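S.K.: Mind having a look at this structure? Questions to follow.
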Amino acid sequence: MSETIPAVGIDLGTTFSALARLDDKGQPVTVVNAEGDRSTPSMVLFDGDEVVVGKEALKAFATESHRVADGSKRDMGRRVYHKEINGKHYPPEVIGAFILNKMRVDAQAQLGPFTKAVITVPAYFDEVRRKATQDAGYMAGLEVIDIINEPTAAAIAFGMAHGFLRPDEDRKTPHTVLVYDLGGGTFDVTVMEIRGTNYITLATDGDVQLGGYDWDQRLVDLVAERFIRLHMADPREDPTTAGKLWRECEDAKRTLSSRAKAAIPCDYRGFAERIEIARQEFEEATQDLLDRTRFTMTQTLKAAGLTWDKLDRVLLTGGSTRMPMVRAMVRRISGKEPDTSVAADEAVAHGAALRAGQILARSQGKPPAFRIRNVNSHSLGVVGLDRLTGRKRNGILIPRNTPIPVTARRTFKTRKADQRSILVEIVEGENLSPDDCTPIGRCTIRKLPKGLPERSPVDVHFHYEPNGRLKVRVSVPNTDAKIETEFTRENGLPKEHLDGWRRYISGAEPTAYA
Ligand code: AMP
């Protein structure tokens, strides 16, 4: 029965994932996993035929890092995960699917069967990465009812916690919030306006290759360099020692968030050391990483057409914002005390559950509790030829930070008489050279009506959906011809592979899937 479907939201993080649902009162609550934890390490151990996800995989990482997939979110959208595991090259979305499947199975043990869920992605994820995330959900036996941006989810959770979602509350004056989200592997900045129950994204930017992980690496390097000075041996050379050291450093990094120094054990080639690192030293070694976030934050505020004095709040989410250097920098640049009122690790999953609740309510004819309006995080263009230079050029159709949904149309002309097909290459990115952009895919327009004269117009409509996914439709002016478009995605897994993995990972049968 539709009333009993739980509203589930999943934050598929680079280092940790969390699942939340709405309780009877419509409040988001985190669902603990089978181990009783509120978050699950996003790590997968391939142990012979057995696949183990979460805490056990994290433990195994220290000694058997070659059999553990970690940080697969950073590779989402690529063809294969960067590390070979047991001689196999897994697509990153398959690793994501194993993680999501555990989250689903653990939650079902408490909530009963469900398949519908909202999954979050960094706002800065491009189309290809969003599609890969959606596919991961499918292979995990889920029906992904929406993909929403992590900062938007955090802002919704914040809005809920602060009464913005209560219709009786006098919250009509717009409230501008900058969400600074520094997680394990990705960094996102989003400027939003909360106007009553409307969440409007004004601008977004970020870096999918910047997160707590990079701070860990710097700490590993600091310790390794000290060790080399002492013993002329580099503990990073040996994968097992390196895996162990990385775990110790991640732990020490957390210690350094509350203490002025931390001691990191490092045992290599018979030399056992405890290397002491001071917070200041750690901060100096990672200053450039923090500067990158500062630069992006300032640029995003500018893109939103705001200045710091016009901004009401800076919201911090993501585990890495617990580092004092982040808080100090935000305070200094913005002149405001950063808001940490929503739980850094759980806010995103909570916001996703609220979004799931909204979608399920709408399917039952209930009015939405809130509305979201997003912008696209990358410009969308088609590859064309520059007539003057003969070089390939990215013709931008939908500039970044355009409110979505949006449809853009481009008219192509047939080159010769009776041409029956056209190939359109679609890219995402700001650069004029398509080689420096992300290829999204190729759209082949087939079965154009017979007998079209040379230079006949063919209209291609690009529809950017609110979830950041792209749909393409084609029409030929003055005809009602039904044109087929085949959108072949870059690096995407074909449907039969998705179905095979879905059966293997989740035991669920294939379903229709767009
Ligand atoms: P998230 O993906 O948002 O859960 O963020 C996870 C990241 O936050 C990982 O890189 C963690 O090492 C980092 N993290 C969690 N707690 C702390 C802390 N107390 N100090 C510094 N980093 C932390």
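Residue by residue, here is whether (1) more than 22 Å from I147 (Cα to Cα); (2) hydrophobic (A, V, I, L, M, F, W, C); (3) away from the ligand (no atom under 16 Å from the Cβ) holds:
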| position | (1), (2), (3) |
| --- | --- |
| I5 | no, yes, yes |
| G13 | no, no, no |
| S17 | no, no, no |
| R21 | no, no, yes |
| G36 | yes, no, yes |
| S39 | no, no, no |
| M43 | no, yes, no |
| V52 | yes, yes, yes |
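S.K.: OK, next. Read through the list (1) touching a strand residue (DSSP E or B) at 6+ places or on another chain (Cβ under 7 Å); (2) away from the ligand (no atom under 16 Å from the Cβ); (3) not charged (D, E, K, R), then give the number of the only condition that A361 fails.
M.R.: (1)
S.K.: Determine, yes or no, whether F370 is of a type in the set (F, W, Y) and within 30 Å of K25 (Cβ to Cβ). Write out each step before concluding.
M.R.: Details: of a type in the set (F, W, Y): yes; within 30 Å of K25 (Cβ to Cβ): yes.
Spelling it out, F370 is indeed of a type in the set (F, W, Y) and within 30 Å of K25 (Cβ to Cβ).
S.K.: Could you grab me the full set of residues in segment 256-285 that are within 14 Å of the ligand (Cβ to nearest atom), within 13 Å of W215 (Cβ to Cβ) and surrounded by fewer than 20 Cβ atoms within 10 Å (Cβ to Cβ)?
M.R.: Passing the criteria: S257, R279, E283.
S.K.: Can you tell me which condition I10 does not meet? The list is (1) under 19 Å from G183 (Cβ atoms); (2) of a type outside the set (D, E, K, R); (3) within 17 Å of the chain's Cα centre (by Cα); (4) in a helix (DSSP H, G or I), and all the others hold.
M.R.: The single condition I10 does not satisfy is (4).
S.K.: Quick one: T300 ticks every box in (1) open to solvent by 50 Å² or more (accessible area, probe 1.4 Å); (2) of a type in the set (S, T, N, Q); (3) within 27 Å of A349 (Cβ to Cβ) bar one, so which box is it?
M.R.: It fails just one condition, (1).
S.K.: Still on this structure, I have one more. Give me the pairs, please: first residue somewhere in segment 6-18 and closer than 13 Å to N33 by Cβ, second residue anywhere and part of a loop (DSSP other than H, G, I, E, B) and more than 6 Å from the ligand (Cβ to nearest atom), beta-carbon distance under 7 Å, and either six or more positions apart or on two chains.
M.R.: Final answer for the pair search is F16/S39; F16/S42; S17/S39; S17/S42; A18/R38; A18/S39; A18/E346.
S.K.: Considering segment 29-57 alone, what residues qualify as being modelled with pLDDT under 95 and either of a type outside the set (D, E) or open to solvent by less than 20 Å² (accessible area, probe 1.4 Å) (or both)?
M.R.: Scanning segment 29-57 gives a single hit, G48.
S.K.: Here's another thing I want to ask about it. Just to be sure before I move on: is R247 surrounded by 13 or more Cβ atoms within 10 Å (Cβ to Cβ), within 16 Å of the ligand (Cβ to nearest atom) and in contact (Cβ under 8 Å) with a residue 40 or more places away in the chain in the structure I sent?
M.R.: In short, yes.
S.K.: Give me the residue from segment 14-28 that is modelled with pLDDT of 95 or more and of a type in the set (G, A, S) and, out of that set, surrounded by the most Cβ atoms within 10 Å (Cβ to Cβ).
M.R.: By that ranking, first place goes to A20.
S.K.: Sticking with this structure for a sec: Suppose we filter segment 135-151 for residues that are closer than 13 Å to P92 by Cβ and not charged (D, E, K, R); how many remain? It would help to see each step written out before you state the result.
M.R.: Going through segment 135-151, the residues closer than 13 Å to P92 by Cβ turn out to be 135-136, 139.
After this cut, where a residue has to be not charged (D, E, K, R) as well, the list is 136, 139.
Within segment 135-151, residues that are closer than 13 Å to P92 by Cβ and not charged (D, E, K, R) number 2.
S.K.: Just to verify a result, which residue in segment 222-238, among those that are assigned to a helix (DSSP H, G or I) and more than 16 Å from the ligand (Cβ to nearest atom), is nearest to the chain's Cα centre (by Cα)?
M.R.: The qualifying residue nearest to the chain's Cα centre (by Cα) is A224.
S.K.: Continuing with the same structure: Where the second residue is more than 16 Å from the ligand (Cβ to nearest atom) and the first is in a helix (DSSP H, G or I) and lies in segment 193-220, which pairs have Cβ atoms under 9 Å and are six or more apart or on separate chains?
M.R.: Close Cβ pairs (under 9 Å, with a partner that is more than 16 Å from the ligand (Cβ to nearest atom)) amount to V220/P235; V220/R236; V220/A242.
The values are calculated or read from the model by the stated rules, or taken from the named source; none is laboratory data. No experiment lies behind these values; they were computed from the predicted model shown. Glycine also receives a Cβ, built like all others from the backbone with ideal geometry; neighbour counts cover every protein chain displayed. Each accessible area value is taken on the protein alone, full model and side chains, heavy atoms only, with ligands, DNA and RNA left out. Shrake-Rupley method; radii C 1.70, N 1.55, O 1.52, S 1.80 Å.
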